[in-house]
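Each remark here refers to the structure printed beneath this line.
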Amino acid sequence: MSLQTTTSHLSTITKLEVFRIPPRWLFVRVEVADGTVGWGEGTLEGHTEAVEGAFLELKERFVGWDADNIEDIWSHGYRARFYRGGEVLMSAIAGLDIALWDIKGKTKIIAVFIAAFYGWIGGDKPHDVVNGAKSRKEQGFTAVKMNGTESVAWIDSPAVLEATIERVAAVKALGLDVGIDFHGRVHKGMAKQLARRLEEYQPLFIEEPLLPTQAEEIADLSQMTTCPIALGERLMSRWDFRPYLERRAIDIAQPDIAHCGGISELRRIASFCEIYDVALAPHCPLGPIALAASLQVGIAAPNFVIQEMSWQMHYNQGADLFTYMLNPEVFSVKNGHVEALTGPGLGININEKLVREASEKYVHEKAWRNATWRGEDGSLREW
């Protein structure tokens, strides 16, 4: 018997909406028959229109379903199709899934749960990171993440290595812990040298030292260095993480809740990683809904270590982390930590009026796209 034949009238999904808003986010609103509203986030940076299209298909499927049957909805959205997975579908499912958990927490009058946080410094081309690090320290952070390099050739000058080391050393001199994001920009020959040089500075992690298509090479690199290897923002499900875990390639998993299918899949990935003694540090350079949902999973995961947040991040042009929140104080950073969210649902309140107004304007603007980088010889480089 289908679970949908037992639908409670009060929890029937009556409306599904998406809102494209600045700076580059996609919010999802789900309403059920008793008027309860849940908010989710399905942001996929640079591919907003594709996720909107996927969400239209989910809307056709799930209006009229029981919002309480989250597992059945997730499984149907993922499995009841011949072609499945991928960034676009998983981001659409994530937005819906997070909103359903928000509703569940509100209708059951429970919170869906002190966690360590880090802030971003610098931009895509990291200059003047010291001033950024000082600002983060004044804001209460004890750890930061920074881009490790600018665009890099397959084999580049030793000056590239020295520039990275100098920036990391400058931040460490301020007494901050630092994670170093290579963004998949570095190739194997350079990654080996960088990892060994960075060991002296004991980074929290080096993130995406190679492209996530190279599980074998990342596993090899992991055996060469004492630096913890972190990766996961471009892995969309527990199946995507499997080769990295089986090869003992990573020390820290960084799934992005808005990309990997939402709360339901993130908690499964967390449990999967725990079996392999791999820590959890959810990726989240996105909006407040994704951050709140990530924190709820992190609080409940024994292998959770630290959470990324996008407050005052360089990508946040036109809006920032707190812009659409009615209770931004819940993300106050003190001594590098944020208290657990204890309000109903996800624990945050969204300004729906402002979201609708912003979306009406932003939907007519050109959607955000990442930069295209080329070397001096005109060859395409990783962004």
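Before moving on, here are some points about what is shown:
- Cα-based Kirkwood hydrodynamic radius, the chain, one decimal, Å: 21.3 Å
- Segment 3-107: C-alpha gyration tensor shape, a/c 1.5 cut-off, then a/b vs b/c: oblate
- Grouping the Cα pair distances of segment 244-346 into 10 Å bins from zero gives a pair-distance distribution of 15, 46, 31, 8, 0 percent in increasing distance order.
- Debye log10 I(q)/I(0) at q = 0.12 Å⁻¹ for segment 264-317, Cα point scatterers: -0.28
- Segment 137-274: relative contact order in percent, alpha carbon pairs under 8 Å with at least 6 residues between: 19 percent
- Helix content alone sets the calculated 222 nm mean residue ellipticity of the chain: runs of n ≥ 4 DSSP H residues at -39500 (n - 2.57) each, divided across all residues, give -11500 deg cm²/dmol.
- Normalising the average separation of contacting C-alpha pairs (under 8 angstrom, six or more residues apart) by the number of residues puts the relative contact order of segment 115-346 at 20 percent.
- Annotation note: chymotrypsin sites (Phe, Trp or Tyr not before Pro) in segment 44-106 located in DSSP loop regions with a Cβ neighbour count of at most 12 within 10 Å are Phe82, Tyr83.
Bear in mind that the values in this text are calculations on the coordinates, not laboratory data. Small disclaimer: the values here were computed from a predicted structure and weren't measured. Using ideal geometry, Cβ is built from the backbone for each residue, glycine included, and neighbour counts are taken over all protein chains shown.
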